Amino acid sequence: MQLAQRRETIAHLASGVAHDLNNLVAVVSGTVSLLEGQSHGGPEFRSGLTRIKRAMDAAQNLVAGLKSSTRPKATRTTLDLRNVISEAVDLLGSERRKKHSIIVEFASSVMPVWANQTELLQVILNLVLNACESAADRSSTVNIAMGGESARIPDKMPDVGELNADLSYSVFQVSDTGDGLDPEIADRLFESHVTTKGSAGTGMGLAIISGILSDNGCALWFDSVPQKGVTVTVAWPEQEIQPKDGSRIAERIASAAKLTGHHILVVDDVVDVGDVLSEMLETDGAVTVAISDPQEALDLLSENPGLWSAVVTDLDMFDITGVDIAKAAAQLDPPVPCVLVTALPDHAAKNRHLFHSILAKPVEALALIRHVRAAVSC
């Protein structure tokens, strides 16, 4: 368990490095892609571009390997959730169980989950340990419930992940009698280095949980009442998730009309990245405005609601994020579709419904154009 937790921590730190490196790779590879489409330049010019492109492909593979090298591929099988929760509670130790009056409401029948046992244990232990430490004096009591009337899927959008209508889920809840969540950090709980424990916490636990849940196709909800505690609900798929059929989406993307005359707002806090994305779209006839200040982008959307055909935005920007941009665009009349281009596509899982498409940096010009075409044609 300690080794798995250490690997997850390293993986999240590596993803932060990957995010910054991907922005640099995106600028270079995007510029090369644009230059390749130009007719001028002799053999030496094109040979130089080919060398740069090979180097950027290698750099992209190295960046992608930062995460995979520290997080081995999990082997999954069908487990009984009751057994894994029982093991997690046993690992907590008798002293902690007694101090926090930990009560487990076991389901009467088998609760199948398609999971890796270590990953599932990590999620359960992180949630229960957080519940034990949820009060300032560390005196909160903790309850774990499974399925039935005790643990149901909430009637609202998940805070992490998404529900698949074609899947069945086993559900469990971890609740405490602590202080509740601070509203100022409630929306940032799953970001790395955000903690409610002050100097006693690393801020990696919930970020690790978020990554594991997203990888397993799970969903999570937080319900907090100030001074009364928090209830966390987790829905875990009972069976293996089959790959989605992307043929219809691919067909719609391929048949979409050119972007000639469409006004596209491009938002990225790295100026060069925004410029490259804009130039890519302009090769298809789009009229683009590239903005590095997300607040300025919000102002442009509100001041000219009928002007924009689509928004292309980054996710992780200072103060205002791509999620904020997408929410503002969705509230316009008519709503403006958003395409997300980010170095951390996994971090957008919670807000997948806000974006027409989610593309990973660095993005090829053709892929970006096709997805923006499809967004505009919806």
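Remark: pairs (first residue in the stretch 267-290, under 16 Å from R370 (Cβ atoms); second residue of a type in the set (S, T, N, Q) and surrounded by fewer than 18 Cβ atoms within 10 Å (Cβ to Cβ); Cβ separation under 6 Å; 6+ apart in sequence or on different chains) = G285/T260. Looking across A330, A310, one residue alone is over 20 Å from V25 (Cα atoms), crowded, with 22+ Cβ neighbours inside 10 Å and outside the structural domain of G161 (by TED's automatic domain parsing). It is A310. Restrict the check to the stretch 28-35 and report whether at least one residue is modelled with pLDDT of 70 or more, out of contact with any strand residue (DSSP E or B) (no Cβ under 8 Å at 6 or more places or on another chain), closer than 20 Å to S278 by Cα and surrounded by fewer than 17 Cβ atoms within 10 Å (Cβ to Cβ). Checked against the condition, which is being modelled with pLDDT of 70 or more, out of contact with any strand residue (DSSP E or B) (no Cβ under 8 Å at 6 or more places or on another chain), closer than 20 Å to S278 by Cα and surrounded by fewer than 17 Cβ atoms within 10 Å (Cβ to Cβ), the stretch 28-35 yields at least one hit. Being assigned to a loop (DSSP other than H, G, I, E, B), at pLDDT 90 or above and either touching a strand residue (DSSP E or B) at 6+ places or on another chain (Cβ under 7 Å) or within 22 Å of T77 (Cβ to Cβ) (or both): is that true of S109 here? The answer is yes for S109. I'd like to check something: does the stretch 357-364 contain any residue that is outside the structural domain of T31 (by TED's automatic domain parsing), buried (at least 17 other Cβ atoms within 10 Å of the Cβ), touching a Ser or Thr at 6+ places or on another chain (Cβ under 8 Å) and farther than 20 Å from L24 by Cβ? Scanning the stretch 357-364, I find at least one residue that is outside the structural domain of T31 (by TED's automatic domain parsing), buried (at least 17 other Cβ atoms within 10 Å of the Cβ), touching a Ser or Thr at 6+ places or on another chain (Cβ under 8 Å) and farther than 20 Å from L24 by Cβ, so the answer is yes. Of all the listed residues (D284, D324), the sole one being outside any helix (DSSP H, G or I) and not assigned by TED's automatic domain parsing to the domain that holds G211 is D284. Scanning the stretch 128-187 for residues that are closer than 16 Å to V230 by Cα, in contact (Cβ under 8 Å) with a residue 60 or more places away in the chain and within 21 Å of the chain's Cα centre (by Cα) yields I153, P154, P158, D159, V160.
Conditions (1) part of a loop (DSSP other than H, G, I, E, B); (2) modelled with pLDDT of 90 or more; (3) among the hydrophobic types (A, V, I, L, M, F, W, C), marked per residue:
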site: H40; (1), (2), (3): yes, no, no
site: S47; (1), (2), (3): no, no, no
site: R54; (1), (2), (3): no, no, no
site: A58; (1), (2), (3): no, no, yes
site: N61; (1), (2), (3): no, no, no
site: R82; (1), (2), (3): no, yes, no
site: A88; (1), (2), (3): no, yes, yes
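Within the set D284, D268, the sole residue that is modelled with pLDDT of 90 or more, among the acidic types (D, E), under 22 Å from the mean Cα position of the chain (by Cα) and more than 30 Å from V123 (Cβ to Cβ) turns out to be D268.
Checking the structure you have, find out if any residue of the stretch 293-305 is outside the structural domain of Q60 (by TED's automatic domain parsing), within 20 Å of S33 (Cβ to Cβ) and in a helix (DSSP H, G or I). No; the residues of the stretch 293-305 include none that is outside the structural domain of Q60 (by TED's automatic domain parsing), within 20 Å of S33 (Cβ to Cβ) and in a helix (DSSP H, G or I).
Here is a yes/no grid of residues against (1) surrounded by fewer than 19 Cβ atoms within 10 Å (Cβ to Cβ); (2) within 21 Å of P237 (Cβ to Cβ); (3) among the hydroxyl-bearing types (S, T, Y):
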{"site": "L91", "(1), (2), (3)": "yes, no, no"}
{"site": "R96", "(1), (2), (3)": "yes, no, no"}
{"site": "K99", "(1), (2), (3)": "yes, no, no"}
{"site": "A115", "(1), (2), (3)": "no, yes, no"}
{"site": "C132", "(1), (2), (3)": "no, no, no"}
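Scanning the stretch 211-257 for residues that are assigned to a loop (DSSP other than H, G, I, E, B), more than 17 Å from the chain's Cα centre (by Cα), at pLDDT 85 or above and polar (S, T, N, Q) returns a single hit, Q239. Could you tell me which residue of the stretch 344-378 is farthest from L35 (Cα to Cα), considering only residues that are of a type in the set (D, E, K, R) and not in a helix (DSSP H, G or I)? Checking each candidate, the answer is K361.
The values are calculated or read from the model by the stated rules, or taken from the named source; none is laboratory data. What you see is a predicted model; the values in this text were computed from it and never measured. Cβ sites come from the backbone with ideal geometry, for glycine too, and all protein chains shown count toward neighbours.
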